[in-house]
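The values are calculated or read from the model by the stated rules, or taken from the named source; none is laboratory data. All values reported here derive from a predicted model rather than from experimental measurement. Cβ atoms come from the backbone with ideal geometry, glycine included; neighbour counts cover every protein chain shown. Just so you know, the surface numbers come from the protein's heavy atoms only, side chains and all, with ligands and any DNA or RNA stripped out. Shrake-Rupley method; radii C 1.70, N 1.55, O 1.52, S 1.80 Å.
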Amino acid sequence: QVQLVESGGGLVQAGDSLRLSCAASGRAFSSYAAGWFRQAPGKDREFVAVITWSGGTTYYADSVKGRFTISRDNAKNTVYLQMNSLKPEDTAVYYCAAGVRSRTLVGGAADYWGQGTQVTVSS
């Protein structure tokens with residue numbers, strides 16, 4: 001009973017920054033871990049970042065650690081992904097996801113998925 005809608009994707013140049021937002025509906029959202037995944041053309045969907053329900057713990061893929069920051073505002077039912085120093089290899093469709101257990105979500109087992117938003121980074 002959670003619906004996720006991403007926004008904020010677009011076309012940027014290498015080195016630029018972009019902030020993605022994931023708006024969630026459902027009062028139970030604050031009890032779920034939330035995260036971001038991405039899928040590039042011809043590749044499998046991969047884990048990007050996850051944040052626990054309380055926001056106290058975060059997980060990042062090695063490829064984005066130090067450049068991306070995940071955060072959440074439970075009062076607004078929103079999860080964010082701040083992406084800095086973007087690279088062409090970051091180009092992908094980015095999906096917001098939610099799950100009961102944060103470590104399970106890191107592995108890609110989500111209870112809910114958003115529709116995705118396109119991020120394109122030109123060189």
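With +1 on each Lys and Arg Cβ and -1 on each Asp and Glu Cβ, and nothing else charged, work out how big the dipole of the chain is about its Cα centre, in Debye to the nearest 20.
240 debye
Note down the net charge around THR52, summing +1 for each Lys or Arg and -1 for each Asp or Glu among other residues with Cβ under 11 Å from its Cβ.
+3
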Practice task
Show which lysines lie in cross-link reach of LYS87 when reach means a straight Cα distance below 23 angstrom and same-chain residues fewer than eight apart are skipped.
Solution key: LYS43, LYS65
Completion exercise
Taking the alpha-carbon centre of each part, the distance from the stretch 6-37 to the stretch 92-113 in Å is 12 Å
Problem - Table column - 3J(HN,Hα) (Hz), the stretch 11-28, Karplus curve with 6.51, -1.76, 1.60, x for Gly and Pro - result: 9, 9, 9, 3, x, 7, 10, 8, 10, 9, 10, 10, 8, 10, 10, x, 5, 7
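Write down the percent of antiparallel bridges among all DSSP beta bridges whose residues are both part of the chain, to the nearest 5.
Just about 90 percent of them are antiparallel.
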Problem - Rounded to whole Hz, the Karplus (6.51, -1.76, 1.60) HN-Hα couplings of the stretch 104-111, x for glycine and proline - result: 5, 5, 4, x, x, 8, 9, 8
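On average, how much accessible surface per residue is there in the chain, in Å², for a 1.4 Å probe, leaving out ligands, DNA and RNA?
52 Å²
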Problem - Computed lengthening from SER25 to ALA40, 0.36 nm per intervening residue step minus Cα-Cα distance - result: 2.7 nm
Exercise for the section: Would you mind checking which residues have amide H under 5 Å from LEU86's amide H? H placed 1.01 Å from N; only 5 or more apart, or other chain. Expected result: GLY15, ASP16
Practice task
Report, by chain and number, residues whose modeled amide H sits under 5 Å from the one on TYR112, excluding near sequence neighbours (fewer than 5 apart, same chain).
Solution key: ALA98
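Using unit Cβ charges (K, R positive; D, E negative) and no other charged atoms, how large, in debye to the nearest 20, is the dipole of the stretch 10-77 about its Cα centre?
140 debye
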Practice task
Report the FRET efficiency, 1/(1 + (r/R0)^6), for ASP111 and LYS87, where r is their Cβ-Cβ distance and R0 is 22 Å, rounded to 0.05.
Solution key: 0.15
Problem - Within the chain, longest stretch free of exposed trypsin sites (Lys or Arg not before Pro) [DSSP loop, at most 15 other beta carbons within 10 Å] - result: 1-42
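Divide by every residue of the chain the summed helix terms, -39500 (n - 2.57) for each DSSP H run of at least 4, and state the resulting mean residue ellipticity at 222 nm, rounded to the nearest 500 deg cm²/dmol.
Details: 1 runs with 5 residues, N = 123.
One gets -1000 deg cm²/dmol as the mean residue ellipticity at 222 nm.
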Practice task
Could you tell me what percent of the accessible area of the stretch 36-123 is made up of carbon and sulfur, with a 1.4 Å probe and every protein chain present?
Solution key: 46 percent
